[in-house]
Amino acid sequence: MQLSIIVPTYNEAPNVAELVRRIVAATRRSDEHPGIEAEIIFVDDSTDATPHVVRELAETSAIAIRLIHRELATGGLGGAVLEGFAVASSDACLVMDGDLQHPPEEIPALWERFEQGDVDVVIASRYRGGFSAEGLSDRTRVLVSKVSTAVTRAMFPIKLKDVSDPMTGFFLIDRRAAEAESLTPRGFKILLEILARKNLRIAEVPFHFAGRRAGQSKASVRQGMHFLTQLAALRFGKMSLFAVIGGLGALVNLAIVWALTSFDVNYIAAAIIAAETTIIGNFLLQERFVFHDMKDEASGVWSRFAKSFTFNNAELLIRIPIVALMVSAGHISVVIATAITLIVAFVVRFVFHSLVVYAP
Ligand code: GDD
Ligand code: MN
(Lines give C-alpha, C1' and ligand atoms only; values in the text may rest on other atoms or scores of the structure.)
(Ligands and ions follow the chains in the order given, each with its own letter.)
Protein backbone atom coordinates (compact mmCIF):
# COMPACT_ATOMS: atom_id res chain seq x y z
CA MET A 1 0.00 0.00 0.00
CA GLN A 2 1.49 3.33 -1.07
CA LEU A 3 -1.09 5.74 0.20
CA SER A 4 -3.81 5.79 2.86
CA ILE A 5 -6.56 8.28 2.12
CA ILE A 6 -8.30 9.35 5.30
CA VAL A 7 -11.76 10.86 4.95
CA PRO A 8 -13.52 12.12 8.08
CA THR A 9 -17.26 12.05 7.55
CA TYR A 10 -20.21 13.45 9.38
CA ASN A 11 -23.47 12.85 7.53
CA GLU A 12 -22.09 12.70 4.00
CA ALA A 13 -24.34 9.90 2.68
CA PRO A 14 -25.20 11.72 -0.58
CA ASN A 15 -21.52 12.45 -1.32
CA VAL A 16 -19.46 9.35 -0.60
CA ALA A 17 -20.26 7.30 -3.70
CA GLU A 18 -19.23 10.15 -5.99
CA LEU A 19 -16.14 10.73 -3.87
CA VAL A 20 -15.07 7.09 -4.13
CA ARG A 21 -15.75 7.03 -7.86
CA ARG A 22 -13.55 10.07 -8.43
CA ILE A 23 -10.77 8.81 -6.13
CA VAL A 24 -10.71 5.51 -8.03
CA ALA A 25 -10.51 7.38 -11.34
CA ALA A 26 -7.78 9.70 -10.07
CA THR A 27 -5.54 6.99 -8.62
CA ARG A 28 -6.01 4.49 -11.45
CA ARG A 29 -3.13 3.67 -13.72
CA SER A 30 -3.45 5.54 -17.00
CA ASP A 31 -1.43 6.70 -19.98
CA GLU A 32 -0.42 9.88 -18.15
CA HIS A 33 0.65 8.41 -14.81
CA PRO A 34 1.52 5.04 -13.29
CA GLY A 35 -1.30 5.08 -10.74
CA ILE A 36 -1.23 5.03 -6.96
CA GLU A 37 -1.90 1.96 -4.89
CA ALA A 38 -4.27 3.42 -2.30
CA GLU A 39 -6.84 2.60 0.34
CA ILE A 40 -9.65 4.81 1.63
CA ILE A 41 -10.36 4.95 5.35
CA PHE A 42 -13.62 6.58 6.33
CA VAL A 43 -13.59 7.74 9.93
CA ASP A 44 -17.24 8.30 10.48
CA ASP A 45 -19.32 9.95 13.18
CA SER A 46 -22.51 10.10 11.15
CA THR A 47 -26.06 9.72 12.29
CA ASP A 48 -27.31 9.27 8.71
CA ALA A 49 -26.84 6.42 6.22
CA THR A 50 -23.16 7.15 5.54
CA PRO A 51 -21.88 3.91 7.16
CA HIS A 52 -24.30 1.77 5.13
CA VAL A 53 -23.35 3.48 1.89
CA VAL A 54 -19.66 3.04 2.70
CA ARG A 55 -20.11 -0.69 3.47
CA GLU A 56 -21.80 -1.18 0.11
CA LEU A 57 -19.06 0.74 -1.67
CA ALA A 58 -16.45 -1.40 0.06
CA GLU A 59 -17.93 -4.48 -1.60
CA THR A 60 -18.32 -3.08 -5.07
CA SER A 61 -15.39 -0.69 -5.60
CA ALA A 62 -12.05 -1.23 -7.28
CA ILE A 63 -10.18 0.17 -4.28
CA ALA A 64 -9.68 -0.99 -0.69
CA ILE A 65 -12.20 0.76 1.53
CA ARG A 66 -12.29 0.61 5.31
CA LEU A 67 -14.83 2.07 7.68
CA ILE A 68 -14.34 3.12 11.26
CA HIS A 69 -17.72 4.06 12.58
CA ARG A 70 -17.49 5.70 15.98
CA GLU A 71 -20.44 5.57 18.27
CA LEU A 72 -18.70 7.65 20.87
CA ALA A 73 -17.04 10.35 18.82
CA THR A 74 -14.00 11.78 20.54
CA GLY A 75 -12.26 14.91 19.45
CA GLY A 76 -14.59 15.69 16.53
CA LEU A 77 -12.94 16.18 13.15
CA GLY A 78 -9.40 16.41 14.57
CA GLY A 79 -9.85 13.24 16.60
CA ALA A 80 -11.24 11.43 13.56
CA VAL A 81 -8.14 12.28 11.51
CA LEU A 82 -5.84 11.02 14.27
CA GLU A 83 -7.78 7.76 14.42
CA GLY A 84 -7.24 7.43 10.69
CA PHE A 85 -3.47 7.92 11.14
CA ALA A 86 -3.45 5.22 13.82
CA VAL A 87 -5.00 2.51 11.64
CA ALA A 88 -3.58 3.48 8.23
CA SER A 89 -1.70 0.75 6.36
CA SER A 90 0.75 3.25 4.95
CA ASP A 91 2.86 5.96 6.59
CA ALA A 92 1.90 8.30 3.77
CA CYS A 93 -1.50 9.58 4.85
CA LEU A 94 -3.64 11.91 2.76
CA VAL A 95 -6.46 13.71 4.54
CA MET A 96 -9.41 15.13 2.62
CA ASP A 97 -13.03 16.11 3.18
CA GLY A 98 -15.93 13.89 2.19
CA ASP A 99 -18.06 16.58 0.56
CA LEU A 100 -15.96 16.94 -2.62
CA GLN A 101 -14.74 20.41 -1.76
CA HIS A 102 -11.31 18.81 -2.09
CA PRO A 103 -11.18 17.52 -5.68
CA PRO A 104 -9.82 13.94 -5.81
CA GLU A 105 -8.23 14.85 -9.16
CA GLU A 106 -5.58 16.74 -7.18
CA ILE A 107 -4.40 13.59 -5.39
CA PRO A 108 -1.73 12.69 -8.00
CA ALA A 109 -0.23 16.21 -7.75
CA LEU A 110 0.10 15.90 -3.97
CA TRP A 111 1.46 12.39 -4.29
CA GLU A 112 4.05 13.34 -6.90
CA ARG A 113 5.32 16.19 -4.76
CA PHE A 114 5.44 13.94 -1.69
CA GLU A 115 7.27 11.21 -3.57
CA GLN A 116 10.19 13.51 -4.26
CA GLY A 117 11.04 12.57 -0.69
CA ASP A 118 12.36 15.88 0.62
CA VAL A 119 9.33 16.96 2.68
CA ASP A 120 7.23 15.58 5.54
CA VAL A 121 3.99 17.20 4.46
CA VAL A 122 2.45 18.48 1.24
CA ILE A 123 -0.31 21.01 1.82
CA ALA A 124 -3.03 21.68 -0.72
CA SER A 125 -3.51 25.42 -0.46
CA ARG A 126 -6.50 27.53 -1.40
CA TYR A 127 -4.38 30.65 -1.38
CA ARG A 128 -1.40 29.62 -3.44
CA GLY A 129 -1.38 30.54 -7.10
CA GLY A 130 -4.22 33.05 -6.98
CA PHE A 131 -7.11 32.89 -4.56
CA SER A 132 -9.43 30.22 -5.73
CA ALA A 133 -12.19 29.22 -3.39
CA GLU A 134 -15.61 28.91 -4.80
CA GLY A 135 -16.30 26.83 -1.69
CA LEU A 136 -16.09 29.92 0.47
CA SER A 137 -19.35 30.96 -1.05
CA ASP A 138 -20.27 34.19 0.65
CA ARG A 139 -18.25 37.30 1.45
CA THR A 140 -18.43 36.71 5.20
CA ARG A 141 -16.80 33.30 4.91
CA VAL A 142 -14.07 34.65 2.64
CA LEU A 143 -13.37 37.42 5.13
CA VAL A 144 -13.43 35.10 8.16
CA SER A 145 -11.12 32.70 6.37
CA LYS A 146 -8.66 35.40 5.32
CA VAL A 147 -8.59 37.16 8.68
CA SER A 148 -8.17 33.97 10.70
CA THR A 149 -5.44 32.80 8.34
CA ALA A 150 -3.60 36.11 8.78
CA VAL A 151 -3.96 36.01 12.58
CA THR A 152 -2.76 32.43 12.72
CA ARG A 153 0.25 33.15 10.55
CA ALA A 154 1.12 36.19 12.68
CA MET A 155 1.02 34.03 15.81
CA PHE A 156 3.42 31.49 14.35
CA PRO A 157 5.57 33.71 12.14
CA ILE A 158 8.44 31.29 11.77
CA LYS A 159 6.76 27.90 11.61
CA LEU A 160 4.10 29.13 9.17
CA LYS A 161 6.48 31.29 7.15
CA ASP A 162 6.00 29.23 4.00
CA VAL A 163 2.45 28.10 4.67
CA SER A 164 -0.20 30.13 2.89
CA ASP A 165 -3.12 27.96 4.08
CA PRO A 166 -2.49 26.47 7.54
CA MET A 167 -6.20 25.81 8.01
CA THR A 168 -6.78 23.65 5.00
CA GLY A 169 -8.15 20.18 5.57
CA PHE A 170 -6.46 18.77 2.45
CA PHE A 171 -2.89 17.54 2.91
CA LEU A 172 -0.58 14.56 2.60
CA ILE A 173 1.66 13.82 5.55
CA ASP A 174 4.16 11.23 6.69
CA ARG A 175 2.44 10.11 9.88
CA ARG A 176 5.79 9.37 11.55
CA ALA A 177 6.71 13.05 11.27
CA ALA A 178 3.33 14.10 12.64
CA GLU A 179 3.91 11.95 15.74
CA ALA A 180 0.17 11.71 16.01
CA GLU A 181 0.26 9.79 19.31
CA SER A 182 1.52 12.91 21.07
CA LEU A 183 -1.28 15.19 19.84
CA THR A 184 -4.43 16.07 21.70
CA PRO A 185 -6.85 17.30 19.07
CA ARG A 186 -8.78 20.33 20.15
CA GLY A 187 -10.88 21.00 17.12
CA PHE A 188 -11.27 21.35 13.42
CA LYS A 189 -7.77 22.40 12.47
CA ILE A 190 -5.65 19.33 12.97
CA LEU A 191 -3.05 20.42 10.40
CA LEU A 192 -2.47 23.67 12.27
CA GLU A 193 -1.94 21.74 15.46
CA ILE A 194 0.63 19.50 13.80
CA LEU A 195 2.46 22.39 12.11
CA ALA A 196 2.55 24.46 15.31
CA ARG A 197 3.98 21.66 17.42
CA LYS A 198 6.46 20.02 15.10
CA ASN A 199 9.24 21.22 12.88
CA LEU A 200 8.25 19.77 9.56
CA ARG A 201 9.63 20.13 6.07
CA ILE A 202 6.73 21.59 4.14
CA ALA A 203 5.68 21.97 0.52
CA GLU A 204 2.50 23.47 -0.86
CA VAL A 205 0.56 22.84 -4.03
CA PRO A 206 -2.33 25.02 -5.17
CA PHE A 207 -5.85 23.69 -5.57
CA HIS A 208 -9.28 24.99 -6.32
CA PHE A 209 -11.61 24.76 -3.31
CA ALA A 210 -14.86 23.61 -4.84
CA GLY A 211 -18.37 24.13 -3.61
CA ARG A 212 -19.88 21.52 -1.27
CA ARG A 213 -21.64 18.87 -3.36
CA ALA A 214 -24.58 18.10 -1.05
CA GLY A 215 -25.58 18.61 2.55
CA GLN A 216 -24.46 21.27 4.95
CA SER A 217 -21.16 22.51 6.27
CA LYS A 218 -20.52 21.77 9.94
CA ALA A 219 -18.60 25.01 10.31
CA SER A 220 -20.33 27.23 12.83
CA VAL A 221 -19.81 29.93 15.38
CA ARG A 222 -19.21 27.12 17.85
CA GLN A 223 -16.45 25.73 15.64
CA GLY A 224 -15.03 29.23 15.39
CA MET A 225 -14.85 29.51 19.17
CA HIS A 226 -13.29 26.09 19.27
CA PHE A 227 -10.68 27.27 16.84
CA LEU A 228 -9.83 30.31 18.94
CA THR A 229 -9.41 28.11 22.01
CA GLN A 230 -7.20 25.81 19.99
CA LEU A 231 -4.99 28.72 18.95
CA ALA A 232 -4.83 30.16 22.44
CA ALA A 233 -4.00 26.79 23.95
CA LEU A 234 -1.26 26.17 21.41
CA ARG A 235 0.26 29.54 22.11
CA PHE A 236 -0.49 30.24 25.78
CA GLY A 237 -1.37 26.87 27.31
CA LYS A 238 2.21 26.69 28.43
CA MET A 239 1.84 29.83 30.50
CA SER A 240 0.47 28.08 33.58
CA LEU A 241 3.29 25.56 33.67
CA PHE A 242 5.74 28.41 33.17
CA ALA A 243 4.14 30.17 36.17
CA VAL A 244 4.39 27.09 38.41
CA ILE A 245 8.09 26.70 37.61
CA GLY A 246 8.64 30.44 38.16
CA GLY A 247 6.86 30.24 41.52
CA LEU A 248 8.92 27.25 42.64
CA GLY A 249 12.03 29.13 41.53
CA ALA A 250 11.08 32.08 43.72
CA LEU A 251 10.71 29.78 46.74
CA VAL A 252 14.07 28.14 46.06
CA ASN A 253 15.56 31.62 45.69
CA LEU A 254 14.33 32.63 49.14
CA ALA A 255 15.52 29.36 50.68
CA ILE A 256 19.03 29.83 49.29
CA VAL A 257 19.25 33.41 50.56
CA TRP A 258 18.03 32.28 53.94
CA ALA A 259 20.48 29.35 54.13
CA LEU A 260 23.51 31.35 52.98
CA THR A 261 22.88 34.34 55.24
CA SER A 262 22.42 32.04 58.19
CA PHE A 263 25.96 30.82 57.42
CA ASP A 264 27.05 34.45 57.59
CA VAL A 265 27.45 34.93 53.85
CA ASN A 266 27.13 38.59 52.88
CA TYR A 267 23.52 39.46 51.92
CA ILE A 268 24.38 40.79 48.44
CA ALA A 269 26.52 37.77 47.62
CA ALA A 270 23.76 35.45 48.86
CA ALA A 271 21.16 37.26 46.73
CA ILE A 272 23.34 37.00 43.63
CA ILE A 273 24.11 33.31 44.13
CA ALA A 274 20.42 32.58 44.75
CA ALA A 275 19.27 34.57 41.71
CA GLU A 276 21.74 32.94 39.31
CA THR A 277 21.01 29.47 40.63
CA THR A 278 17.29 29.90 40.11
CA ILE A 279 17.77 31.45 36.67
CA ILE A 280 19.74 28.41 35.56
CA GLY A 281 17.40 25.97 37.30
CA ASN A 282 14.34 27.60 35.77
CA PHE A 283 15.88 27.45 32.32
CA LEU A 284 16.56 23.72 32.62
CA LEU A 285 13.04 22.99 33.88
CA GLN A 286 11.47 25.10 31.15
CA GLU A 287 13.53 23.38 28.45
CA ARG A 288 12.43 20.02 29.76
CA PHE A 289 8.80 20.60 30.65
CA VAL A 290 7.41 23.80 29.10
CA PHE A 291 8.99 24.23 25.70
CA HIS A 292 10.07 20.64 25.03
CA ASP A 293 7.99 20.49 21.84
CA MET A 294 8.98 23.92 20.56
CA LYS A 295 12.72 23.54 20.41
CA ASP A 296 14.27 24.43 17.12
CA GLU A 297 16.99 21.78 16.99
CA ALA A 298 19.06 23.94 14.67
CA SER A 299 19.46 26.75 17.21
CA GLY A 300 21.05 24.62 19.92
CA VAL A 301 20.66 24.59 23.68
CA TRP A 302 23.54 27.01 24.35
CA SER A 303 22.08 29.70 22.17
CA ARG A 304 18.72 29.36 23.92
CA PHE A 305 20.44 29.43 27.28
CA ALA A 306 22.40 32.56 26.34
CA LYS A 307 19.22 34.39 25.38
CA SER A 308 17.31 33.28 28.46
CA PHE A 309 20.19 34.01 30.82
CA THR A 310 20.85 37.47 29.37
CA PHE A 311 17.18 38.35 29.48
CA ASN A 312 16.67 37.25 33.08
CA ASN A 313 19.74 39.10 34.31
CA ALA A 314 18.78 42.26 32.46
CA GLU A 315 15.29 41.99 33.92
CA LEU A 316 16.74 41.56 37.41
CA LEU A 317 18.94 44.64 36.99
CA ILE A 318 16.11 46.77 35.65
CA ARG A 319 13.60 45.65 38.27
CA ILE A 320 15.59 46.85 41.28
CA PRO A 321 15.72 50.56 40.31
CA ILE A 322 12.08 50.41 39.19
CA VAL A 323 11.03 49.14 42.61
CA ALA A 324 13.13 51.85 44.23
CA LEU A 325 11.49 54.48 42.02
CA MET A 326 7.98 53.23 42.76
CA VAL A 327 8.70 53.35 46.48
CA SER A 328 10.30 56.79 46.52
CA ALA A 329 8.30 58.63 43.89
CA GLY A 330 5.04 56.68 43.95
CA HIS A 331 4.87 56.16 47.71
CA ILE A 332 4.04 52.49 47.25
CA SER A 333 5.17 49.97 49.86
CA VAL A 334 8.20 47.84 48.97
CA VAL A 335 6.18 44.63 49.11
CA ILE A 336 3.50 45.89 46.75
CA ALA A 337 6.03 47.48 44.39
CA THR A 338 7.97 44.21 44.27
CA ALA A 339 4.78 42.22 43.67
CA ILE A 340 3.69 44.49 40.80
CA THR A 341 7.07 44.35 39.09
CA LEU A 342 7.20 40.58 39.53
CA ILE A 343 3.82 40.13 37.84
CA VAL A 344 4.76 42.40 34.93
CA ALA A 345 8.14 40.69 34.70
CA PHE A 346 6.46 37.29 34.60
CA VAL A 347 4.31 38.20 31.60
CA VAL A 348 7.19 39.85 29.75
CA ARG A 349 9.43 36.89 30.55
CA PHE A 350 6.87 34.45 29.22
CA VAL A 351 6.31 36.41 26.02
CA PHE A 352 10.05 36.73 25.51
CA HIS A 353 10.64 33.02 26.01
CA SER A 354 7.82 31.87 23.80
CA LEU A 355 8.52 34.33 20.99
CA VAL A 356 12.29 34.76 21.06
CA VAL A 357 14.04 31.95 22.91
CA TYR A 358 11.67 29.31 21.56
CA ALA A 359 10.70 31.12 18.38
CA PRO A 360 7.51 29.67 16.90
N1 GDD B 1 -15.68 12.11 11.62
C2 GDD B 1 -16.09 13.39 11.66
N3 GDD B 1 -16.49 13.92 12.85
N4 GDD B 1 -16.09 14.12 10.53
C5 GDD B 1 -16.52 15.40 10.60
C6 GDD B 1 -16.95 16.02 11.78
C7 GDD B 1 -16.92 15.22 12.97
O8 GDD B 1 -17.28 15.65 14.06
N9 GDD B 1 -17.30 17.30 11.49
C10 GDD B 1 -17.09 17.46 10.16
N11 GDD B 1 -16.64 16.33 9.61
C12 GDD B 1 -16.28 16.06 8.22
C13 GDD B 1 -17.31 16.43 7.19
O14 GDD B 1 -18.21 15.37 6.94
C15 GDD B 1 -16.47 16.76 5.99
O16 GDD B 1 -16.10 15.57 5.30
C17 GDD B 1 -15.22 17.37 6.59
O18 GDD B 1 -15.15 16.88 7.93
C19 GDD B 1 -15.24 18.89 6.58
O20 GDD B 1 -16.42 19.35 7.21
P21 GDD B 1 -17.36 20.47 6.57
O22 GDD B 1 -18.59 20.50 7.38
O23 GDD B 1 -17.47 20.27 5.10
O24 GDD B 1 -16.53 21.75 6.95
P25 GDD B 1 -16.09 22.99 6.06
O26 GDD B 1 -16.33 22.79 4.62
O27 GDD B 1 -16.64 24.19 6.67
O28 GDD B 1 -14.53 22.97 6.42
C29 GDD B 1 -13.56 22.80 5.47
O30 GDD B 1 -12.79 23.94 5.36
C31 GDD B 1 -12.00 24.24 6.46
C32 GDD B 1 -11.21 25.46 6.15
O33 GDD B 1 -12.05 26.52 5.84
C34 GDD B 1 -12.70 21.61 5.83
O35 GDD B 1 -11.83 21.36 4.74
C36 GDD B 1 -11.87 21.82 7.01
O37 GDD B 1 -10.98 20.71 7.19
C38 GDD B 1 -11.08 23.05 6.77
O39 GDD B 1 -10.33 23.31 7.92
MN1 MN C 1 -16.97 21.27 3.46
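The values are calculated or read from the model by the stated rules, or taken from the named source; none is laboratory data. Since we're looking at a predicted model, the values are computed, not measured. Cβ: placed from backbone, ideal geometry, glycine included. Neighbour counts: every protein chain shown.
Please verify whether segment 339-358 includes one or more residues that are surrounded by 13 or more Cβ atoms within 10 Å (Cβ to Cβ), of a type in the set (Phe, Trp, Tyr), within 27 Å of Ile194 (Cβ to Cβ) and touching a Lys or Arg at 6+ places or on another chain (Cβ under 7 Å).
Yes; the residues of segment 339-358 include at least one that is surrounded by 13 or more Cβ atoms within 10 Å (Cβ to Cβ), of a type in the set (Phe, Trp, Tyr), within 27 Å of Ile194 (Cβ to Cβ) and touching a Lys or Arg at 6+ places or on another chain (Cβ under 7 Å).
Within segment 24-50, can you find the residues that are in contact with a Ser or Thr (Cβ under 9 Å, 6 or more places away or on another chain) and within 13 Å of ligand 1 (Cβ to nearest atom)?
Matches in segment 24-50: Ile40, Ile41, Phe42, Val43, Asp44, Asp45, Ser46, Thr50.
Go through Arg213, Arg201 for me and flag whichever is within 16 Å of ligand 2 (Cβ to nearest atom) and touching a residue at least 60 places away in the same chain (Cβ under 8 Å).
Only one candidate qualifies: Arg213.
Matching residues to (1) surrounded by fewer than 17 Cβ atoms within 10 Å (Cβ to Cβ); (2) more than 26 Å from Gly211 (Cβ to Cβ); (3) not aromatic (Phe, Trp, Tyr):
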| position | (1), (2), (3) |
| --- | --- |
| Arg29 | yes, yes, yes |
| Pro34 | yes, yes, yes |
| Thr47 | yes, no, yes |
| Leu77 | no, no, yes |
| Glu106 | no, no, yes |
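If you take the residues of segment 198-223 that are under 20 Å from the mean Cα position of the chain (by Cα) and at pLDDT below 80, which of them is farthest from Glu105 (Cα to Cα)?
Arg222
When you look at Gly84, is it within 16 Å of ligand 1 (Cβ to nearest atom), touching a Ser or Thr at 6+ places or on another chain (Cβ under 9 Å) and assigned to a helix (DSSP H, G or I), yes or no?
yes
Of the residues in segment 91-105, how many are within 25 Å of Lys159 (Cα to Cα) and either among the hydrophobic types (A, V, I, L, M, F, W, C) or more than 24 Å from the chain's Cα centre (by Cα) (or both)?
Summing the residues that are within 25 Å of Lys159 (Cα to Cα) and either among the hydrophobic types (A, V, I, L, M, F, W, C) or more than 24 Å from the chain's Cα centre (by Cα) (or both) in segment 91-105 gives 5.
With the condition being among the hydroxyl-bearing types (Ser, Thr, Tyr), I'd like the helices (runs of 4 or more DSSP H) fully within segment 188-291 carrying at least 2 qualifying residues.
Correct list: 239-262, 267-285.
Search segment 15-36 for residues that are free of Cβ contacts under 8 Å to residues at least 40 places away in the same chain and pair each with any residue that is polar (S, T, N, Q) and surrounded by 17 or more Cβ atoms within 10 Å (Cβ to Cβ) when their beta-carbon atoms are under 7 Å apart and the residues are at least 6 apart or on different chains.
From residues that are free of Cβ contacts under 8 Å to residues at least 40 places away in the same chain, the pairs are Gly35/Thr27.
Under 6 Å by Cβ, and 6 or more places apart or on different chains, what pairs join a residue from segment 162-178 that is on the phi < 0 side of the Ramachandran plot with one that is within 14 Å of ligand 1 (Cβ to nearest atom) and among the acidic types (Asp, Glu)?
Gly169/Asp97
Quick grid of which residues meet (1) within 13 Å of ligand 1 (Cβ to nearest atom); (2) in contact with a helix residue (DSSP H, G or I) (Cβ under 7 Å, 6 or more places away or on another chain):
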residue: Leu172; (1), (2): no, yes
residue: Arg175; (1), (2): no, yes
residue: Asn199; (1), (2): no, no
residue: Ala203; (1), (2): no, yes
residue: Arg213; (1), (2): yes, yes
residue: Gln216; (1), (2): yes, no
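Looking at (1) under 19 Å from the mean Cα position of the chain (by Cα); (2) of a type in the set (A, V, I, L, M, F, W, C); (3) surrounded by 15 or more Cβ atoms within 10 Å (Cβ to Cβ), which is the only condition Leu241 fails?
Looking at each condition in turn, Leu241 falls short on (3).
Being charged (D, E, K, R) and at pLDDT 90 or above is the filter here; which residues of segment 254-312 pass it?
If the condition is that a residue be charged (D, E, K, R) and at pLDDT 90 or above, then Glu276, Arg304, Lys307 are the ones that fit.
Conditions first: (1) within 16 Å of ligand 2 (Cβ to nearest atom); (2) of a type outside the set (Phe, Trp, Tyr); (3) touching an Asp or Glu at 6+ places or on another chain (Cβ under 6 Å); (4) at pLDDT below 95. Asn15 passes all but one, so which condition is the exception?
(4)
Name the residue that is surrounded by the fewest Cβ atoms within 10 Å (Cβ to Cβ), counting only residues in segment 168-189 that are of a type in the set (A, V, I, L, M, F, W, C) and more than 19 Å from Phe114 (Cα to Cα).
The residue in question is Leu183.
Kindly list the number of the only condition in (1) within 30 Å of Leu195 (Cβ to Cβ); (2) out of contact with any Gly (no Cβ under 6 Å at 6 or more places or on another chain) that fails for Asn282.
Unmet for Asn282, out of (1) within 30 Å of Leu195 (Cβ to Cβ); (2) out of contact with any Gly (no Cβ under 6 Å at 6 or more places or on another chain): (2).
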